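To start, the structure under review is shown below, and the notes come after it.
Taken together, the values in this text are just the output of simple stated rules run on the coordinates, not laboratory data. Small disclaimer: the values here were computed from a predicted structure and weren't measured. Neighbour counts run over all protein chains shown; Cβ positions are idealised from the backbone, glycine included.
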Amino acid sequence: MYPHFPVIQNSFWTSASVNSRNSLKFIMDDDDAPQLSAHTLAALQEFYTEQNKQEQTLIEAQQGNIKELEISEDWQLSQFWYNETTATRLAEEALRAVGEQGACLSSPTAYKKLREIKPDSVSLKCLEYDTRFQVYGDDFLLYDYKEPLKFPKDWKNWFDLVIADPPFLSEECLCKTAVSIKYLAKDKIILCTGAVMTDLADKLLGLKPCVFQPQHTNNLQNEFRCYTNYDSQLFNKS
Ligand SMILES: C[S@@+](CC[C@H](N)C(=O)[O-])C[C@H]1O[C@@H](n2cnc3c(N)ncnc32)[C@H](O)[C@@H]1O
């Protein structure tokens with residue numbers, strides 16, 4: 001179900017949520033009333049403290065401090081963020097490829113970096129399932145790959161660049177994401193996904209693998225690749 005699952009599993013969010021879901025130990029007292037163990041209570045407390053901190057950061061971001069916004073990975077949503085080098089390389093390539101309109105599909109880190117470096121003449125959309133990214137205001141659109149054509153009608157073939165990084169390494173997920181990409185894209189496409197999807201990416205969208213290999217803040221077990229439907233000099237520099 002979570003094909004991108006990283007080798008390193010040391011994020012607070014994972015340990016806290018796993019603790020709170022899987023390690024909930026109940027101690028029965030004399031009255032048979034269930035109570036949480038001290039260890040579990042401490043883990044829950046830590047979890048809620050971190051959650052409050054995140055919510056506060058989102059509120060501050062909505063009030064304008066958006067550049068500093070860090071949204072933690074939620075592995076339940078198959079979220080594995082690019083590392084800084086990869087986000088920068090993707091954004092630089094996107095800037096070369098884009099004309100006036102770009103869309104980042106399930107790739108909020110690419111959106112964030114591109115937003116930082118783009119000129120005002122470029123408009124961007126962040127299409128995401130995770131509503132925490134609503135902090136990006138009008139740029140945000142709730143996107144669920146299971147409803148691949150749920151877009152405003154005037155977005156048909158509107159974006160001269162679409163970047164996508166679907167959440168799952170499954171045929172179903174890539175096929176539906178490809179339906180969205182075909183609807184949105186006018187011209188160029190950048191897809192980041194597992195190497196196992198190479199043949200399907202070519203069949204569905206005519207995408208070819210690049211030399212550049214995206215990397216993540218946590219190492220993933222799966223070999224990861226970047227695909228384009230055009231010749232990218234930046235991605236093919238060895
Ligand atoms: C493998 S991650 C790609 C993120 C990318 N590496 C980045 O750093 O921006 C998959 C993305 O798909 C999003 N996602 C999860 N469930 C989704 C769904 N049902 N439909 C569309 N996107 C979804 C996640 O929130 C996450 O941003």
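All other residues with a Cβ under 10 Å from the Cβ of LEU105 taken together, and with Lys, Arg as +1 and Asp, Glu as -1, what is their net charge? After counting each charged neighbour, the total is -1. Modelled label positions at THR217 and ASN52, each set 7 Å beyond Cα in the direction of Cβ, lie 2.2 nm from each other. Pairs exceeding a 32 Å alpha-carbon distance, out of LYS112/LYS156; LYS146/LYS186; LYS125/LYS237; LYS53/LYS188; LYS112/LYS237: LYS53/LYS188.
All C-alpha to C-alpha distances of segment 78-228, sorted into 5 Å bins beginning at zero, yield P(r) values of 2, 10, 21, 25, 24, 14, 4, 1 percent in whole numbers. Extension gain, ILE59-GLN134: 0.36 nm per intervening residue step, less the Cα-Cα distance, totals 25.9 nm. Gain on full extension, evaluated as 0.36 nm per residue between LYS203 and ASP144 minus their Cα-Cα distance, stands at 19.0 nm.
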